[in-house]
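Novice: Quick one: structure below, then a few questions.
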Amino acid sequence: MPIVTGTSTFVDLVTEKHVRVVKLNNAATTPPFVQTVNALHTFFDSYGALHRGAGPHANKTVEVTEKALGTIREFIGASPEQTLLFTSNTSAAINFLARLMTLSEQDVILTSCIEHTSNNLPWRYNTRAKIIEVAAFSDGSLNMEDFREKAKLNGANLKWIAITGASNLTGYVPDMKRLSEIAHMYGARLFVDAAQLAPHRPINMVEQGIDALAFSAHKIYSPFGLGVLVLPKDMLDRTPVDPGGGSIDMISEKDIVWAPSAERHQTGTWNVTGIVALAESCRVMMATGWKIILDHERELVEYTAKNLAEIPDLTLHVPLEKFLSEDRIGTFPFTLKGYHHALLAAILDHEYGIETRAGAICNHRLVRRWFDVDDDTQAEIEERIKNGDRLASYGAVRASIGIFNTRKDIDRLVDALKSIQKNGPGLEYKPSPREETYSPQK
């Protein structure tokens, strides 16, 4: 497997142990490939202005950027009729797409009731369309019967289906081809939030019938700061929603001559460093081969799920059989009896050097369902959060695997959880309600 940065990093814990850091928060951020970091160092030797000057370094930067764009397009299987736009992350890309849509109050966007916050709020606040939610099951899978019924019921006004390509919490991967067939049956388009899909599954937008797509570089073994939006070119023949430098070919007191439609929406100087890094990570993954990646992650998903399920007093909130029988990516939400989720994550961090994430993890309504929180309790929780107590929220701990993880990483996690369950924490912890964390007492 490709080597990522930081996998051999050792830290001194407050318990005075010297341990290797175990990276199991990859659904939030993946460490960059070593090859990606090296490609950036090479690029910096000829770093120059892009579309803003002349000279050898500027020419080389244009050349490198054009090649990088081609690699990214190949990685996602984009068609010539689809354009790439760049933002700061997936959330910004989805908001950008929503603002580009010219929808009325009669138009319908069909999504699910358990979407990641970034594929929920943009449609609510940046379009005028009616948002209709499809039912989902507690394991995170879509109710496809409800999907088909609501698509049929709203077919005359259905404009978009907006769905998560792979869940950051449950690992569920919907069938893109089926969803695109439903959308196209009614003349609608399919948008996929591919933030978690892109690092774990091959994408071919043409073959899968995906009309628009967004993902982030920092979830696919590249540095922070780049989001990708791929969308149909015909959506760009309009006034840009974020006009600025690069949007125009001429401006006067009386008129504006907009740049060609494919250029006017990418304003300002591009994040060329981010584009070059992402392209290299895409190249590395394609060179590794999807069969090798999928086989490795499939084996590790099954190994992780089986071992977590055997820990006493641990609840794996997606049933074990779902990980064994379905095509899920490696995200594992769990809780341990007697431990607040944020406290458990803090113990794993400070006493074992294991990185995870704790909270509702941008899936509040699904997590609420897991804990059977009624309306009165929900109102109490919301009031406490408004008053600064973020620890009042329900939540789980999530471990998530990447291409570089091994059985040794999972063994470290499982051994730590078994020790915590049997012996408790080795330190005293102080809650920090506003930060939604626990810290070891000095």
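Novice: Counting only residues that are in contact with an Asp or Glu (Cβ under 6 Å, 6 or more places away or on another chain) and of a type in the set (S, T, N, Q), how many does region 418-442 have?
Specialist: Start the filter on region 418-442 by keeping residues that are in contact with an Asp or Glu (Cβ under 6 Å, 6 or more places away or on another chain), which leaves 421, 426, 433, 441.
Next, from what is left, pick out any that are of a type in the set (S, T, N, Q): 421, 441.
Matching residues across region 418-442 total 2.
Novice: So, of the residues in region 319-355 that are more than 12 Å from Ala416 (Cβ to Cβ) and β-branched (Val, Ile, Thr), which turns out to be surrounded by the most Cβ atoms within 10 Å (Cβ to Cβ)?
Specialist: Thr331
Novice: Next question. Out of (1) of a type outside the set (Val, Ile, Thr); (2) in a strand (DSSP E or B); (3) in contact with a Ser or Thr (Cβ under 7 Å, 6 or more places away or on another chain), what's the single condition that is false for Ala346?
Specialist: It is condition (2) that Ala346 fails.
Novice: Still on this structure: Does Lys306 satisfy being more than 23 Å from the chain's Cα centre (by Cα), in the same structural domain as Ile420 (by TED's automatic domain parsing), surrounded by fewer than 19 Cβ atoms within 10 Å (Cβ to Cβ) and assigned to a helix (DSSP H, G or I)? So that I can check it myself, show each step before the final result.
Specialist: Values: more than 23 Å from the chain's Cα centre (by Cα): yes; in the same structural domain as Ile420 (by TED's automatic domain parsing): yes; surrounded by fewer than 19 Cβ atoms within 10 Å (Cβ to Cβ): yes; assigned to a helix (DSSP H, G or I): yes.
Yes: the conditions hold for Lys306.
Novice: Exactly one of (1) modelled with pLDDT under 95; (2) at positive phi is unmet by Gly209. Its number?
Specialist: So the condition that Gly209 fails would be (1).
Novice: Which condition does Thr30 not pass, out of (1) touching a strand residue (DSSP E or B) at 6+ places or on another chain (Cβ under 9 Å); (2) surrounded by fewer than 22 Cβ atoms within 10 Å (Cβ to Cβ); (3) in a loop (DSSP other than H, G, I, E, B), if it passes all the others?
Specialist: Of (1) touching a strand residue (DSSP E or B) at 6+ places or on another chain (Cβ under 9 Å); (2) surrounded by fewer than 22 Cβ atoms within 10 Å (Cβ to Cβ); (3) in a loop (DSSP other than H, G, I, E, B), only one is false for Thr30: (2).
Novice: Show me the strands (runs of 3 or more DSSP E) entirely contained within region 193-288 in which 2 or more residues are within 18 Å of the chain's Cα centre (by Cα).
Specialist: Values: elements: 212-216, 227-232, 248-251, 256-258.
Qualifying strands (runs of 3 or more DSSP E): 212-216, 227-232.
Novice: Now, a different point. Being in the same structural domain as Glu263 (by TED's automatic domain parsing), among the acidic types (Asp, Glu) and touching a strand residue (DSSP E or B) at 6+ places or on another chain (Cβ under 6 Å), is that true of even one residue in region 83-105? Break it down into steps so the answer makes sense when it comes.
Specialist: Looking only at region 83-105, we keep the residues that are in the same structural domain as Glu263 (by TED's automatic domain parsing), and these are 83-105.
Subset that is among the acidic types (Asp, Glu): 105.
Now drop any that are not touching a strand residue (DSSP E or B) at 6+ places or on another chain (Cβ under 6 Å), which leaves none.
No - not one qualifying residue is present in region 83-105.
Novice: Can you tell me which residue in region 219-272 is modelled with the lowest pLDDT, limited to those that are over 26 Å from Thr102 (Cβ atoms) and surrounded by fewer than 18 Cβ atoms within 10 Å (Cβ to Cβ)? Outline the logic, then answer.
Specialist: To start, the set of residues in region 219-272 that are over 26 Å from Thr102 (Cβ atoms) comprises 219-226, 252-253, 269, 271-272.
Adding the requirement that they be surrounded by fewer than 18 Cβ atoms within 10 Å (Cβ to Cβ) leaves 224-225, 252-253, 269.
Working: Phe224: 91, Gly225: 93, Ser252: 93, Glu253: 92, Thr269: 85.
Here the residue is Thr269.
Novice: Going by the structure shown, is His184 within 17 Å of Thr87 (Cα to Cα), in contact (Cβ under 8 Å) with a residue 12 or more places away in the chain and in a helix (DSSP H, G or I)?
Specialist: Taking the combined requirement at face value, the residue does not satisfy it.
Novice: Okay, next question. Just to be sure before I move on: is Leu158 in contact (Cβ under 8 Å) with a residue 40 or more places away in the chain, in the same structural domain as Asp211 (by TED's automatic domain parsing), touching a strand residue (DSSP E or B) at 6+ places or on another chain (Cβ under 9 Å) and more than 17 Å from Leu366 (Cα to Cα) in the structure I sent?
Specialist: Working: in contact (Cβ under 8 Å) with a residue 40 or more places away in the chain: yes; in the same structural domain as Asp211 (by TED's automatic domain parsing): yes; touching a strand residue (DSSP E or B) at 6+ places or on another chain (Cβ under 9 Å): yes; more than 17 Å from Leu366 (Cα to Cα): yes.
Yes: the conditions hold for Leu158.
The values are calculated or read from the model by the stated rules, or taken from the named source; none is laboratory data. Being a predicted model, the structure only gives us computed values, none of them experimental. Here Cβ is always computed from backbone atoms with ideal geometry, including for glycine, and neighbour counts include all displayed protein chains.
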